[in-house]
Amino acid sequence: MLVSATEMLKKAKEGHYAVGQFNINNLEWTKSVLLTAQELNSPVILGVSEGAGKYMTGFKTVSAMVKAMDEELGITVPVALHLDHGTYEGCYKCIEAGFTSIMFDGSHYPIEENIEKTKELVSVAHHLGMSIEAEVGSIGGEEDGVVGAGECADPDECKAVADLGVDMLAAGIGNIHGKYPDNWAGLSFDTLDAIQQKTGIMPLVLHGGTGIPADMIKKAISLGVSKINVNTECQLSFQEATRKYIEEGKDQQGKGFDPRKLLAPGAEAIKATVKEKMELFGSVGKA
Ligand code: 13P
């Protein structure tokens with residue numbers, strides 16, 4: 001059931017768990033995430049970066065595929081189709097394409113400009129019944145060409161953006177896209193706590209979910225994180241399973257070259273990763 005992310009995140013914040021955002025890349029990815037959410041009776045957010053949208057030939061294709069797949073698979077759990085790290089122009093494209101949720105990442109603008117653009121998009125999104133995520137303080141690392149320095153967000157700036165009426169707020173707290181380096185200092189829980197104090201009931205978003213240890217995830221949820229984004233970890237699971245299939249020579253046995261067979265182990269591996277994350281985030285049975 002395609003919906004905005006507003007209600008599922010409100011419930012998650014009240015119930016002290018987090019909803020997973022899993023980024024999608026193609027049909028197999030989407031199918032694996034949707035089937036796992038349904039099996040576990042969990043709400044879910046499908047994240048689409050601008051790069052992935054382009055790869056899938058455009059946001060209209062993505063929207064049509066997700067809507068049709070949701071229906072054909074008989075998915076009854078709440079599913080939000082969400083733009084990840086959207087530009088100003090990208091947000092309007094997804095609004096037009098029929099997404100149910102957008103993220104406007106204005107973190108690289110001066111705060112006044114971030115506020116101005118976010119405010120405009122909040123009004124447009126809400127008018128159409130869509131949810132919107134904003135960002136303050138950039139997420140470190142690189143994702144599909146979006147590069148961030150990874151500075152911690154200023155709690156006062158977070159409050160100013162939360163007051164615009166966004167449905168969820170991403171705030172940098174030392175998190176990084178992609179794998180964490182060995183010398184990573186960990187999440188800044190002092191920053192997260194200060195942000196939570198200032199923003200109250202606002203569902204907070206933790207980007208860079210790949211590789212954050214379970215105890216840190218649990219602590220982040222206890223301090224107001226209600227949405228956690230995972231991308232790289234599904235890619236690594238898919239890659240590992242596909243490599244194994246080929247290295248074992250299975251693509252050369254019988255009809256093992258059939259793309260439906262070749263991609264099956266990777267698709268199953270994504271399901272296992274999504275299941276593990278939903279269990280850790282506490283969203284199982286919360287649909
Ligand atoms: P990872 O790729 O590190 O899991 O981050 C995902 C993310 O934050 C998407 O915006």
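Here are the numbers:
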quantity	calculated
Helices (runs of 4 or more DSSP H) contained in the range 3-65 and holding at least 3 residues hydroxyl-bearing (Ser, Thr, Tyr)	27-39
Cβ-Cβ under 6 Å pairs, at least 6 apart or on other chains, the range 68-87 side assigned to a helix (DSSP H, G or I), far side open to solvent by 40 Å² or more (accessible area, probe 1.4 Å)	Asp70/Leu2
Cβ pairs under 7 Å, 6+ apart, first in the range 162-181 and in a loop (DSSP other than H, G, I, E, B) and away from the ligand (no atom under 12 Å from the Cβ), second at pLDDT 95 or above and among the basic types (Lys, Arg)	Leu164/Lys119
Any hit, the range 188-204, residues being within 16 Å of the chain's Cα centre (by Cα), at pLDDT 95 or above and within 16 Å of the ligand (Cβ to nearest atom)	yes
Condition met for Thr36 (among the β-branched types (Val, Ile, Thr) and under 24 Å from Ala241 (Cβ atoms))	yes
Output for the range 16-46, where each listed residue is touching a Lys or Arg at 6+ places or on another chain (Cβ under 7 Å) and surrounded by fewer than 18 Cβ atoms within 10 Å (Cβ to Cβ)	Leu35
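The values are calculated or read from the model by the stated rules, or taken from the named source; none is laboratory data. What you see is a predicted model, and the numbers here were worked out from it, not measured in a lab. A quick note on method: Cβ atoms are made from the backbone with ideal geometry, for glycine too, and the neighbour counts reach across all protein chains shown. The accessibility values were calculated without ligands, DNA or RNA, using every heavy atom of the protein model including side chains. Shrake-Rupley method; radii C 1.70, N 1.55, O 1.52, S 1.80 Å.
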